[in-house]
Amino acid sequence: MDPPWLQVGHKRKTTDTSPSPSRKNNAANGTSQSKKTKLNDEDSDGEASPKPNPMDMDEREGQSATLADGFEQVMSRDAKRKMKKASVKEAQKAKKPPTLNYATAGFRSGKNITIASVRDLVEHLVTGSIPEPNWMKVENRSSVDHVVTLFIPGLLPTHLGLPSNTLKPSQILPFPLTPPPPSDADSTSDTPKVKIPQMAKLFSNALPTRAPGDQYRFHPAMNTFLSSVVPQKEKERRNREKQRDFKRRVDASGANNGVGEKDAFDPVLFLLTPNQMIENEYPIPSYFPVTVEAFMKGDQEAIERGNQVFLPWQHADKASGQEKGSSLPEGWKETKRADKAPEDGKYPVLAVDCEMCMTTKGDELTRVTAIDYATGKVVYDELVKPEGTVVDYKTQWSGITEEILSKATLSLSDIQTAFLTRSDLITPSTILVGHSLENDLLSMKIRHPLVIDTAILFPHAKGRPSKPSLKFLTGKWLGREIQNKGGEGHDSEEDARACLDLLRRKCIEGPDFGETMEDMETIFEKFARHARDSKQPGRSSLLCDYGNATTRMRATRAFVCKDDDEVVENLVENVEDFDFTFARMFELSNAQKWTTPRASDSKPLGVVEPEVEGDVAADIKDDENGDESATEHALSQLNSRLVKIHGALPPRTVLIIMTGNGDPRPAVRLNDKRKAFEFKYKKLGESGIHGLPAEEKWTGQDERDLQEAVMQARFGMAFFCVKNAAPGK
């Protein structure tokens, strides 16, 4: 007789013990002519697809999986009960598929739908924690299994076969993607050809959207979409957690709260954790307790280790182990691992700032300055001769000119040797402080474990991923101006000293100094707090984006991609595993010269940074229209990628595509002209500007043109549909 825990033989062979009801439901797109516009897929014959047939209970009693060694794994009663419950729930959802309909009542105010309004719709769809917006009617929200949002800057009405003037302030209501018939007056005009036919197959209408901004500036639409207000209770919880975390830091570090006569707190208490370094794209030492790969995959054990401040001599047993047999990338150096704490218990602190220029090899180091925290003296200040040929000195940022750089004699290798061998510079126990210090370490090609970042030490009120500028922090917390030389650029000594003084104020005043209660958080963080029930974690999220801020968005899983193909590949392979997916594609924007990818070696992760705080991105090209053939190729590729993405979406997925902004180039050109004129006005005075050439003067017409260009750049489009068919349909 077989023991009760073993069954011998082959009673019934099955290949899958998990519930696998068919999710097939509805498939194409239709439009209602009533007060609501349908945005949902239906089968071509208008009938629902077959519903799943759960197995009968008497059959399921004997269900088992045949293993490779001949044993059969029999499902427990609890597993059977869960499978039956899942099958019933699946069948109920299939009977009531989700639908989206525009509600005309929401447009009666005469105002454009904002990016924030679209974000609120997504939050309603994913969590149900806020009411549905008044401009969109959602039926059977509980049946929505996935929400996918694609940001595709560069997509214009003309690419969809629509007139170029389709987007205008007076256009409030959604408009059909079917080109209007030509009138007698314009019957001879050329109608744009449809370049992305897949859009009309997926979506019946486009919704005009308005990005945030004012009459002179437009702000990044993506930042607005991915940011959400932090509830008061969550603010209070975070404040309590910060206090507990700081106490843990004090206990773990053994800090004596006395690095100087006036300092109340030790700088070691403000070190970045390994996770913070990874989130902010710091070069990571090989002996860290968590790898970038483990962090990006959401390895909870590794992430837990990385949440603690890493003092190498304390955590030899917690190293990731990747340093064994590993080698550094060519040209990189790494600080040796400290095997003990400083003998006097005090960690030396060094403020560092670098300047860079653009060469044929990408961004390269041109000047590095280091100031000692204890003495306030400059201990290192050298010019660096780049390897490549300089194509842009970036004088307005770096302060470096051709004449200045001609005096440079040291190479990057010389700088690395000095920093890693001189005892007054970097030692294994030295703490480096700087503002967005990851950029300085990347330019120096040095990995170092102990860093303090003033851009994180003094958080932005908007929360992640926004960061305050060093100029703002210095003015607010130190009461002095820096970086006020206009076109003459920054001074690395001035910036390094500002970082040093900000840290000193923090050490004197305490951890709460300069802290602003974060009013905003990423929607990924918010979704993670909304559990389906007490037994399940919060909503999961997937982020597929280029390198800019991807790791500090706090998505459940993040992929840093170098091109649109990687974005699509990672989305298609993983979308079914996550409640919410966000992806961004740049090929079309780059082809039209709206944005320009940075040099591949300026950061280790292929970075494109068109979205920045301020007027507009510095990388946007305002004097180029782009390569027409490159644009045509990008449009063709985009069409193919949309076909692939839609085909891979699981049933009951809401698909949203957003363009964010319109063409930014006219606004960029005029804003640059205005800034140049304002600088000359301050330098020359009112009498001096009269001698300027007419093209350099700022006129009333320029002012009106700028306001018009900004208004046009703030308009974009959003598209909505629901896929209710199985993948591949």
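Data for the structure
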{"quantity": "Spatial separation of Cα centroids for the stretch 349-413 and the stretch 223-248, in angstrom", "calculated": "37"}
{"quantity": "Whether the stretch 371-512 is rounded, prolate or oblate, judged on the alpha carbon gyration tensor where a/c under 1.5 counts as rounded", "calculated": "oblate"}
{"quantity": "Sequence-distant residues sharing a close amide H with Ala725 (under 5 Å, placed H)", "calculated": "Asn25, Asn26, Arg652"}
{"quantity": "Label-point gap, in nm, between Lys644 and Asp392 - each point 7 angstrom along Cα→Cβ", "calculated": "3.0"}
{"quantity": "Those GluC sites (Glu not before Pro) in the stretch 325-370 that DSSP places in a loop and that have at most 13 other beta carbons within 10 Å", "calculated": "Glu330, Glu343"}
{"quantity": "Beta bridge orientation in the stretch 232-509: antiparallel %, DSSP, nearest 5", "calculated": "65"}
{"quantity": "Tail fraction, Cα-Cα pairs, the stretch 115-186, threshold 17 Å, whole percent", "calculated": "61"}
{"quantity": "Ranked by how many other beta carbons lie within 10 Å on average, peptides 270-279, 398-407, 154-163 from highest", "calculated": "270-279, 154-163, 398-407"}
{"quantity": "Calculated FRET value between Asn165 and Glu678, using beta carbons and R₀ = 30 Å, to 0.05", "calculated": "0.40"}
{"quantity": "Whole-number percent relative contact order across the stretch 232-509, with pairs defined as alpha carbons under 8 Å at least 6 apart", "calculated": "21"}
{"quantity": "Label-point gap, in nm, between Ala79 and Glu573 - each point 7 angstrom along Cα→Cβ", "calculated": "2.8"}
{"quantity": "Karplus-derived 3J(HN,Hα), 6.51/-1.76/1.60, for each residue of the stretch 107-121, Hz, glycine and proline x", "calculated": "9, 5, 5, x, 10, 5, 6, 8, 4, 5, 5, 5, 4, 5, 4"}
{"quantity": "Pair Ser109, Phe246: separation of 7 Å Cα→Cβ label points (nm)", "calculated": "3.9"}
{"quantity": "Semi-axis lengths (Å, descending) of the ellipsoid that matches the C-alpha gyration tensor of the stretch 232-509", "calculated": "29, 23, 19"}
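Since every read-out is calculated from the coordinates, none of them should be taken as a lab result. Not measured: the values here are computed from a predicted model. Note that we place each Cβ from the backbone using ideal geometry, even for glycine, and neighbour counts take in every protein chain shown.
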